[in-house]
Amino acid sequence: MPRAKKAKDEKPAAPPAPTTRVGTVALVGRPNVGKSTLLNRMLGQKVAIVSDKPQTTRMSILGIKTTPRGQIVFVDNPGIHKPLHKLNRRMMSFVHASIQTADLVCLLVDGTERFGHGDAFALDLVRPVTSPLFLLINKVDAVRKDSILLLIDKYKDLASFKEIIPISAARGTNLDVLEKLIFDNLPAAEKLYGDADVSDQSERFLLSEIIREKVLGHVSAELPWATAVVIDQVERRKAGEAGAEETGTDDEESELLDAETAGGVEETERVKDGPEEEDEGVEIRIPGIGGERPSLPPLKFPPEGNVRPKRISKEERRARPVVFIKASILVERDNHRVIIIGNRGELIKTIGIEARREIEDILEARVYLDLRVRVRPQWRDAADVLDLIEGQKTR
Ligand code: GDP
Ligand code: MG
């Protein structure tokens, strides 16, 4: 008897299921709990600036970690807080969007602090998520073990945490465990990004963040909240090209330029005042989520932690291209401007030198940084300024 023929309409074999685990992981929590420190430590690179001032992170920042197991797309976020300005409402809309779209949510808390109202507020935000929810108790390096146990006891019934993990983002404690548990909970999927992709930010955004980080390192009170940085211009010249050499090649000379710039600070209204609009709510798009594979800018990021920029020889330095950067430090009041400029321009000079050194290392160039301090009253409620600042992220 002839063998039965294969059914004509038999379906072709399904493509093999992906062997990698891939997904987005939202890092959320109150300001200053260590979200950005954790992101940087997980990547081994500084993609997000860190400071001891609250609300350092103002937008969602992607950090992509690719390993043989797959790809974790971390989404660092602004801290969870009650928004008083339009800026802060936008910051919180990043947090909401990130929580809603993530495959896994990590709520970070500060292990050195007692449970309070702010923590209850943060919990309310993550409690409704249907994706796996981890509680990360951070800063265990700075606290006794029994108080961590008390915190675990406090939190364990307040939300349905899939895992509760004590970590130290600064020291790297337990982060291998965290990485393993994240992969265990991500779906099997194809990678969203290329293996070399690190973050979604543009060069302009990275430069503005580095400058802002240096400002944050020197100011206090309300100034950290009231300061923003806008990159006005980036111009590149090859070594030897007209204009590249006459600006000088030595560190001393660029420092002199920093000093001259400091003398030239001025008060300028840069962005025209526009009509007050209703808070329009920001459209948050996380590249790669729900779309085709995005191409990310091939940026070099500095190593995480406080690493001194490496010293290079005069010859190496001379062979580097030259980059002229003009940037504005935006503040809300004239007394802010006076503080940032400092006595005889000392502070703005220091900020300029610190930022330039780090930027030179990243761009592998000789950098001339022209900083100006500009006063724009109530920019935190001005949609045009906020659009400008947010626009830097992708442009
Ligand atoms: P974020 O606002 O949640 O992003 O917090 P940051 O990452 O900017 O960190 C806030 C402050 O906490 C900074 O001064 C960090 O150095 C510090 N910090 C972060 N992680 C740790 C940690 O594991 N241990 C200690 N002792 N400090 C930490
Ligand atoms: Mg942060």
Please verify whether PHE121 is over 16 Å from ALA169 (Cα atoms), hydrophobic (A, V, I, L, M, F, W, C) and more than 16 Å from ligand 2 (Cβ to nearest atom), treating the condition exactly as stated. yes
Which one is farthest from the chain's Cα centre (by Cα), of the residues in the stretch 20-73 that are near ligand 1 (Cβ under 8 Å from one of its atoms) and among the β-branched types (Val, Ile, Thr)? VAL33
Scan (1) on the phi < 0 side of the Ramachandran plot; (2) of a type outside the set (Asp, Glu); (3) at pLDDT 95 or above; (4) within 11 Å of ligand 2 (Cβ to nearest atom) for the single condition GLY34 breaks and write down its number. (1)
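Are there strands (runs of 3 or more DSSP E) fully within the stretch 101-196 with at least 3 residues that are without any contact (Cβ under 8 Å) to a residue 60 or more places away in the chain? List them. It would help to see each step written out before you state the result.
Working: elements: 104-110, 133-138, 163-166.
Filter on the stretch 101-196 gives 133-138, 163-166.
Based on this model, can you work out whether LEU84 counts as free of Cβ contacts under 8 Å to residues at least 24 places away in the same chain, within 24 Å of SER220 (Cα to Cα) and either of a type outside the set (Lys, Arg) or within 12 Å of ligand 1 (Cβ to nearest atom) (or both)? Please lay out each step first, then the result.
Details: free of Cβ contacts under 8 Å to residues at least 24 places away in the same chain: yes; within 24 Å of SER220 (Cα to Cα): yes; either of a type outside the set (Lys, Arg) or within 12 Å of ligand 1 (Cβ to nearest atom) (or both): yes.
In short, yes.
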Going through (1) aliphatic (A, V, I, L, M); (2) under 22 Å from the mean Cα position of the chain (by Cα); (3) within 18 Å of GLN233 (Cβ to Cβ) one by one, VAL331 fails only at (3)
If you scan the stretch 37-58, which residues turn out to be among the polar types (S, T, N, Q) and within 10 Å of ligand 2 (Cβ to nearest atom)? THR37, ASN40, SER51, GLN55, THR56, THR57
Does the stretch 262-270 contain any residue that is modelled with pLDDT under 85 and in a helix (DSSP H, G or I)? yes
Odd one out for ILE99, checked against (1) under 26 Å from ILE210 (Cβ atoms); (2) within 16 Å of ligand 1 (Cβ to nearest atom); (3) surrounded by 15 or more Cβ atoms within 10 Å (Cβ to Cβ): (1)
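Evaluate the following for THR112: is it touching a helix residue (DSSP H, G or I) at 6+ places or on another chain (Cβ under 6 Å) and either surrounded by fewer than 20 Cβ atoms within 10 Å (Cβ to Cβ) or on the phi > 0 side of the Ramachandran plot (or both)?
Details: touching a helix residue (DSSP H, G or I) at 6+ places or on another chain (Cβ under 6 Å): yes; either surrounded by fewer than 20 Cβ atoms within 10 Å (Cβ to Cβ) or on the phi > 0 side of the Ramachandran plot (or both): yes.
Yes.
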Would you please list the contacts, defined by Cβ atoms under 7 Å and residues six or more apart or on different chains, that run from a residue in the stretch 313-342 that is within 17 Å of TRP379 (Cα to Cα) to a residue that is aromatic (Phe, Trp, Tyr) and crowded, with 16+ Cβ neighbours inside 10 Å? LEU330/TRP379; GLU332/TRP379
Taking LYS11 as the residue in question, decide whether it is surrounded by fewer than 22 Cβ atoms within 10 Å (Cβ to Cβ) and touching a residue at least 24 places away in the same chain (Cβ under 8 Å). no
Identify all residues within the stretch 59-101 that are touching a strand residue (DSSP E or B) at 6+ places or on another chain (Cβ under 8 Å) and among the charged types (D, E, K, R); write none if there are none. LYS65, ARG69, ASP76
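The values are calculated or read from the model by the stated rules, or taken from the named source; none is laboratory data. Since we're looking at a predicted model, the values are computed, not measured. No Cβ is skipped: glycine too gets one built from the backbone with ideal geometry, and neighbour counts run over all protein chains shown.
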